[in-house]
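Trainee: Here it is, the structure, as structure tokens.
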Amino acid sequence: METATVEIDNVTKRFDDLIAVDRISLCIDRGQTLGLIGPNGAGKTTLLRIIASLAVPDRGDVRIQGQSVRTNPRAVRKILGFMPAEFGCPRNLTIGEYLEYFGCLYAIPKLDRRQRIQEVCQLTDLSGRERVLVKGLSTGNRQRLLLAKTLLHDPQVLVLDEPASGLDPRARTELRGIVRELAAMGKTIIISSHILPDIEDISDRIGIIEAGRLVLDGNLDALRAHHRTSSRQVKLRVGSEDATRARNLLAALSVVTSCELQEPFLIIGSDEPNRNFVLAEMLKHDIRVLQFQEDEPSLEEIFMQSTAGKVT
Ligand SMILES: Nc1ncnc2c1ncn2[C@@H]1O[C@H](COP(=O)(O)OP(=O)(O)OP(=O)(O)O)[C@@H](O)[C@H]1O
Ligand SMILES: [Mg+2]
């Protein structure tokens, strides 16, 4: 089949009285990177485990390339790689042995296994470290190794649960680079993280989960448009000789709620989502605009606005 799409179809998962995932539906196209964010306990890991066929939903289904996690988990596991948030392995192995062990579990033929291990080590910058013991690894290298293991059977779909957790800034940047490289290879990636700038940077699409519900989903532009609020301000800079006139003209407009001069900018507040009227007014009165800037909300602001701090 050509398209490797992930279809999450009305998935619900309960733990006794607690609804960890509540009627979530989402489709992810082949080659897309979906960033999943949400407060602690929001249900991200539970959803990722369901997608990876490691937990069974109470209701709904997930299909990976058309294969149901309910009825065909073995087929799902062949085309999907899951990187868990926690590293659990016998630590008295070397990197090479660890990958060899998982290569056997994935039933990669012995002849191909060596080459495949070399390839994943190269991808994750672990080349030359095959004899290093797993137990002494830094968090950065441990995460690389977990990712290398996830890539062993060359899955088309990658599900990464907080891969950057605990990494220092350099290791984080390097991991981001690896994820981008995998995306460029055409992999479909679902990644959860609390590091919002990273998610902002690597995701084609972002889903915000809170208390088991998908509260917002879309690309960053759509999320921004949704959250472009009336409190958002526009910065305008005109020549200093025109500043007072520009302020008076704008302050007189009914759509303008505030207009202050904060040298060298005029800071304009308005309920009108489209701020072109500012430019139109300047043009109408032949006032030269030197700078015009509307602050875009960061993913962090969008996150804070769309989640109310509810936990399940
Ligand atoms: N096996 C389980 N048994 C009982 N409750 C569980 C189980 N797994 C998860 N939960 C609960 O389900 C809810 C969602 O947990 P989950 O681990 O999916 O959240 P999360 O979004 O991944 O959080 P975090 O950001 O802290 O990793 C939480 O309230 C958690 O305590
Ligand atoms: Mg989690």
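Trainee: For the stretch 6-226, with the dipole built from +1 on Lys and Arg beta-carbon atoms and -1 on Asp and Glu ones, taken about the Cα centre, which of 195, 160, 28 lies farthest toward the positive end?
Mentor: 160
Trainee: For the stretch 134-262, what log10 I(q)/I(0) values come out of the Debye formula at q = 0.13, 0.16, 0.20 1/Å, with one point per alpha carbon and no solvent?
Mentor: These q points yield log10 I(q)/I(0) values of -0.71, -0.87, -1.16.
Trainee: Now for a separate question. Run through the DSSP bridge list for the chain and note the antiparallel percent, rounded to the nearest 5.
Mentor: 65 percent
Trainee: Might you report the magnitude of the Cβ-based charge dipole of the chain about its Cα centre, with Lys and Arg at +1 and Asp and Glu at -1, to the nearest 20 debye?
Mentor: Charge dipole of the chain: 1180 debye, to the nearest 20.
Trainee: Between residue 296 and residue 221, what length comes free when the chain is fully extended (0.36 nm per residue of separation minus the Cα-Cα distance, one decimal in nm)?
Mentor: 26.1 nm
Trainee: By its C-alpha gyration tensor, with a ≥ b ≥ c as the square roots of the eigenvalues, how is the stretch 79-167 shaped: rounded for a/c under 1.5, else prolate for a/b larger than b/c, else oblate?
Mentor: oblate
Trainee: How would you classify the stretch 233-296 from its alpha-carbon gyration tensor, with a ≥ b ≥ c the square roots of the eigenvalues: rounded for a/c under 1.5, else prolate if a/b is greater than b/c, otherwise oblate? If you can, show how the numbers build up before the last one.
Mentor: On the way: a/c = 1.39, a/b = 1.25, b/c = 1.11.
Rounded shape, in that the Cα axes give a/c under 1.5.
Trainee: Is it possible to state the helix-based mean residue ellipticity at 222 nm for the chain, with each DSSP H run of 4+ residues giving -39500 (n - 2.57), the sum divided by total residues, to the nearest 500 deg cm²/dmol? What is it?
Mentor: Result for the chain, helices only: -10000 deg cm²/dmol.
Trainee: If you average over every viewing direction, what projected area does the convex hull of the Cα atoms of the chain give, in nm²? Don't skip to the end; give the middle numbers.
Mentor: On the way: hull surface 81.7 nm².
Quarter of the Cα hull surface area: 20.4 nm².
Trainee: Which value in Å is the Kirkwood Rh of the stretch 25-123 over different Cα pairs? Intermediate values should be presented prior to the final figure.
Mentor: Details: mean 1/r = 0.0633 Å⁻¹.
For the stretch 25-123, the Kirkwood estimate is 15.8 Å.
Trainee: Could I have the simple spin-label model distance between residue 165 and residue 255, label points 7 Å from Cα toward Cβ, reported in nm to one decimal?
Mentor: 4.6 nm
Trainee: Between the stretch 48-68 and the stretch 9-36, what is the C-alpha centre distance in whole Å?
Mentor: Measuring centre to centre over Cα atoms gives 9 Å.
Coordinate-derived values only; no laboratory data. This structure is a prediction, so every number in the text was calculated from the model and none was measured. Counting neighbours? That spans all protein chains shown, and the Cβs are built from the backbone with ideal geometry, glycine included.
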